[in-house]
Structures are given as structure tokens and as C-alpha cells.
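Comments concern the structure below.
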Amino acid sequence: MTSQPLIAQISAVRLRRGVAVVIALLVASALTTSMASSQTKPSGPKPTVVLVHGAFADASGWSDEIRHLQNDGYTVLAPANPLRGIALDAAYLRSVLATISGPIVLVGHSYGGAVITNAASGNPNVKALVYIAAFAPDEGETLGDAIDGSQDSLLTLDALDIRPYPLPGGGTGLDGYIKLDRFHEIFGADLPTPVTDVMASAQRPLEAGTLQEATHNPAWQTIPSWFLLPTEDRVIGTDAERAMAVRAGSQIVEVRSSHAVLVSQPTKVTKLIEEAAEATAAP
């Protein structure tokens, strides 16, 4: 027996036992955290996020969302939407999607929502649709049908400048622009006027005949969807958007914003996109 005092021997034993208990607790905690992490975080690759802009805008409207998503590890594409008609624009988007391997989260703003609705059906890589202040038309429905009767929309014929343009092979098409002096009120009332003045001057027009073109095989019937609903939308109209979002069975998030929510509220837009990505990721 050692000559070390009994009290010291007992204290040493207690210390060793205490250290052992602490180590055991730390290991158990680490294992629990690891198991919880593996259960809550998808293990598969992050999807490619494809952002489709709408009418009276271009892909630069997604600039803040692109930065946020890239910082969070997502691959992002924001192709130029031709704005020449639903069938043509959907065909173009399908060709872009066909070049992407792996899962896709497809996001549409405004008229871009109609394009993703028509382009995504039958593509197994598209795991989620995210509508940002967007059209989500039904089978056979036109954009004119969807917006007809809206009490919130201010996008009437007298709010547009119509300019003719030559069609390939002959004939004349008609481009619609929001009038410069109405753009702030209609498109982005929650943005500073100098910002919307620039957006108005740089806007890309929509072929006017697009409003009478019917949707076919709406993708929201088979693909999960999310919908960011601005409460002060004066383009499509909050009331018309809400009706489409409810009909599509979308998960709806309301935000106090104008139609230009992708510019005025990019953090909230990004959050909804990432929620859709995480909810539909492979386990």
C-alpha cells in the first residue's frame, strides 16, 4: 500500500472517475449531435438553381439572390428569357434544363412563372418549383384569363406602350412596355424612384400576343411548389396570384412588397428558394 494519505488517494480516484464521466458525456453528446445532423441535413448534392426572369425585366434583377445562393454553395443559372411567347420561351428553357445533370430547383418571377409551368413537366431533374410574384396558370388558361378580374392589378392597356417590330420571314409583332411614368407605381412602388427609373428605361418588352397564349401540361400538378406572395403586387395582382397559388397547392409565404420583390426583398426570396431546395433534397 502506498504511503500517500488516504484522503489524497480517495480524491485521486474521484478525479479519475470524474474525468472518465466527463469524457463519456462529451462522446455521447458528439454522437448525438452527429446523428441529429445526419438526420436533418440532406446528404446528396445541392441542386442547381435556375432563375427565370419575367417581362419588363431581365436576369440582372436576380443579382442579389445569385450572390446569396452562390455564397451558400449553390450552382446558379439565370438564363435570358426570350419573352417571345409561352411556347417559344418554354421550349428555350427546356433546352437549357436539358444541359443540367442532377437535381434542379426552378424559380420564376412574374411571367417567368408561366414559362417554368410550361417547361418543367416531364423533366425528372426538376424537384421543386418556386414562384416569386408569378403566374402559375392552369391547363388551357391564358395569362389574360389569370389576371382578368383582378382588383389589385394596374397593368391595363393604357399603362402600356405598344411598339411594332418585324417578325422573321415577314409580318409584324407587337411589343408591350410599361409606360415610363407608370413603372414605379405598377412594378416597384417599394423601391426608390431613381432605381425604378433605371429599371423602366432598361426594361425588356413582352410580345403582346403572349397574354392570349394557353398553358399546357402545368408542371405544378406533379412537382412540389412554393409561392412568395407580395401583398402589394400591382402587375399581376396579389388577389390573382393568391388564387393561383392556392389552386396549385403551393406552400405560400406572404411578404409586404411590390411586384419587384426579387429586388426589394432578396433575402426573403433566397430563403424560400433554399427552403424548397432542402425540402426536396435526396436523403
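The values are calculated or read from the model by the stated rules, or taken from the named source; none is laboratory data. Please read all numbers here as calculations on a predicted model, not as lab measurements. Cβ coordinates were reconstructed from backbone atoms using ideal geometry, including for glycine residues, and neighbour counts include every protein chain displayed. The area values use the complete protein model at the heavy-atom level, side chains included, leaving out ligands, DNA and RNA. Shrake-Rupley method; radii C 1.70, N 1.55, O 1.52, S 1.80 Å.
Report whether or not Pro230 is farther than 15 Å from Glu139 by Cα, of a type outside the set (Phe, Trp, Tyr) and open to solvent by 20 Å² or more (accessible area, probe 1.4 Å).
Taking the combined requirement at face value, the residue does not satisfy it.
If we keep just the residues of region 250-283 that are open to solvent by 70 Å² or more (accessible area, probe 1.4 Å) and in a loop (DSSP other than H, G, I, E, B), which is nearest to Thr238 (Cα to Cα)?
Here the answer is Arg256.
So which residues in region 68-80 are assigned to a loop (DSSP other than H, G, I, E, B) and either surrounded by fewer than 19 Cβ atoms within 10 Å (Cβ to Cβ) or out of contact with any helix residue (DSSP H, G or I) (no Cβ under 6 Å at 6 or more places or on another chain) (or both), if there are any at all?
Matches in region 68-80: Asp72, Gly73, Tyr74, Pro79, Ala80.
Of all residues in region 115-135, count the ones that are closer than 21 Å to Val255 by Cα and more than 13 Å from the chain's Cα centre (by Cα).
Residues meeting the conditions: 0.
Within the group Val235, Val261, Val255, which residue is of a type in the set (A, V, I, L, M) and over 17 Å from the mean Cα position of the chain (by Cα)?
Val235
So for region 58-66 (the condition being farther than 28 Å from Pro283 by Cβ, in contact with a His (Cβ under 7 Å, 6 or more places away or on another chain), free of Cβ contacts under 8 Å to residues at least 24 places away in the same chain and open to solvent by 10 Å² or more (accessible area, probe 1.4 Å)), does at least one residue qualify?
For region 58-66, residues farther than 28 Å from Pro283 by Cβ, in contact with a His (Cβ under 7 Å, 6 or more places away or on another chain), free of Cβ contacts under 8 Å to residues at least 24 places away in the same chain and open to solvent by 10 Å² or more (accessible area, probe 1.4 Å): present.
For the subset of region 174-199 comprising residues that are touching a Gly at 6+ places or on another chain (Cβ under 9 Å) and in contact (Cβ under 8 Å) with a residue 40 or more places away in the chain, which member is nearest to Ala59 (Cα to Cα)?
Restricting to residues being touching a Gly at 6+ places or on another chain (Cβ under 9 Å) and in contact (Cβ under 8 Å) with a residue 40 or more places away in the chain, the top hit is Met199.
I'd like the residue in region 81-91 that is part of a helix (DSSP H, G or I) and among the aliphatic types (A, V, I, L, M) and, out of all such residues, is nearest to Ala55 (Cα to Cα).
Ile86
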